[in-house]
Each structure stands twice: as structure tokens, then as C-alpha cells.
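Heads up: the structure comes next, in C-alpha cells.
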Amino acid sequence: MSILNTIIRGITGNTVSINGTTYTGNNISIQNNKVFVDGKEVECNEKEVHINITGDVDSVDTTSGEVNVTGHANIVTTTSGDITVGGSVNGNVETVSGDVDVSGDIHGKVTTVSGDVSA
């Protein structure tokens with residue numbers, strides 16, 4: 001999977017790990033294989049993306065890659081990749097190709113074209 005376009009918002013005080021590298025900031029985005037933390041570019045040469053967020057997050061929107069949130073989330077969207085949330089999701093969870101596993105409640109809708117859903 002190629003790191004194409006990812007936006008993570010509302011992560012104040014939480015830890016975000018992308019492919020094992022930890023980043024701290026309020027907003028993290030990945031565009032054309034470049035990682036930006038609060039608007040400043042940091043180095044990332046990975047071709048696959050695995051996003052781990054320790055704590056709560058407002059939203060995660062990625063075109064490809066696995067997303068794991070240990071806390072709660074408002075919105076989680078990926079085109080290709082599995083989504084795991086340890087807490088609840090207040091909004092929608094969407095993936096075209098991937099499994100959705102939410103430990104808590106989902107207060108929005110869940111959409112997956114090719115994958116399993118467990119909540």
C-alpha cells in the first residue's frame with residue numbers, strides 16, 4: 001500500500017505512531033509519501049502505512065492503510081485497510097476494502113464493500 005493521502009485531526013495530547021515512528025501534534029497529514037505535523041514536513045520514506053493512535057481522535061481519513069485507535073473516535077475513513085477502534089465511534093466508519101472492528105458502540109453508520117464488521 002502506498003502512503004497517498006491521510007489526514008488525522010484532533011489528537012491533542014495523544015500519541016500517533018505511523019509505521020513505528022511516533023509523532024506529536026494536533027493535526028497530522030500524509031500527502032504524496034510526506035508526513036506533515038501541524039503543517040511542518042517531517043521525513044517518512046515508507047511505502048506502506050500503519051497508523052496507531054493512543055487515545056482519542058476527532059477524525060482519521062486515509063486512502064490506504066491500517067488504522068488502529070485505542071480510544072474513541074468521531075469519524076474513521078479509509079479506502080483500503082482495516083479499521084480497529086478500542087472505544088466507541090460517535091460518527092461513521094467507512095472502508096471500501098477492509099475489516100471494521102469496534103469494541104464500543106457505533107453511533108453512526110458502518111460501510112464496507114469487502115470486509116467483515118464486528119462491534
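Remarks
- Identity of the residue in region 26-54, modelled with pLDDT of 85 or more and surrounded by 17 or more Cβ atoms within 10 Å (Cβ to Cβ), that ends up farthest from Ser103 (Cα to Cα): Ile51
- Selection count where residues are assigned to a strand (DSSP E or B) and polar (S, T, N, Q), scope region 84-119: 7
- For region 81-91, the criterion of being buried (at least 20 other Cβ atoms within 10 Å of the Cβ), under 11 Å from the mean Cα position of the chain (by Cα) and over 15 Å from Ala119 (Cβ atoms) is satisfied by at least one residue.
- Lone qualifier among Ile11, Ile3, Ile7 - being at pLDDT below 80, not aromatic (Phe, Trp, Tyr) and not in a loop (DSSP other than H, G, I, E, B): Ile7
- Candidate set: region 65-92, residues that are polar (S, T, N, Q) and more than 14 Å from Gly108 (Cα to Cα); chosen: the one modelled with the highest pLDDT: Thr84
- Residue in region 66-73 that is among the hydrophobic types (A, V, I, L, M, F, W, C), closer than 15 Å to Val49 by Cα and surrounded by 17 or more Cβ atoms within 10 Å (Cβ to Cβ) present: yes
- Within region 109-119, tally of residues that are exposed (fewer than 14 other Cβ atoms within 10 Å of the Cβ) and either of a type outside the set (Asp, Glu) or closer than 12 Å to Gly91 by Cα (or both): 4
- Taking every residue in region 74-98 that is in contact (Cβ under 8 Å) with a residue 60 or more places away in the chain and pairing it with any residue that is buried (at least 18 other Cβ atoms within 10 Å of the Cβ) and hydrophobic (A, V, I, L, M, F, W, C), at least 6 positions away or on another chain, the pairs with Cβ-Cβ distances below 8 Å are Asn74/Val57; Asn74/Val89; Gly81/Val49; Gly81/Val67.
- The residue of region 55-64 that is modelled with the highest pLDDT, among those that are surrounded by 24 or more Cβ atoms within 10 Å (Cβ to Cβ) and under 8 Å from the mean Cα position of the chain (by Cα), is Val60.
- Among the criteria (1) under 18 Å from Thr6 (Cβ atoms); (2) assigned to a loop (DSSP other than H, G, I, E, B), the one Val76 does not fulfil is (2).
The values are calculated or read from the model by the stated rules, or taken from the named source; none is laboratory data. Bear in mind the structure is a predicted one, so any value in this text is a computation, not a measurement. Counting neighbours? That spans all protein chains shown, and the Cβs are built from the backbone with ideal geometry, glycine included.
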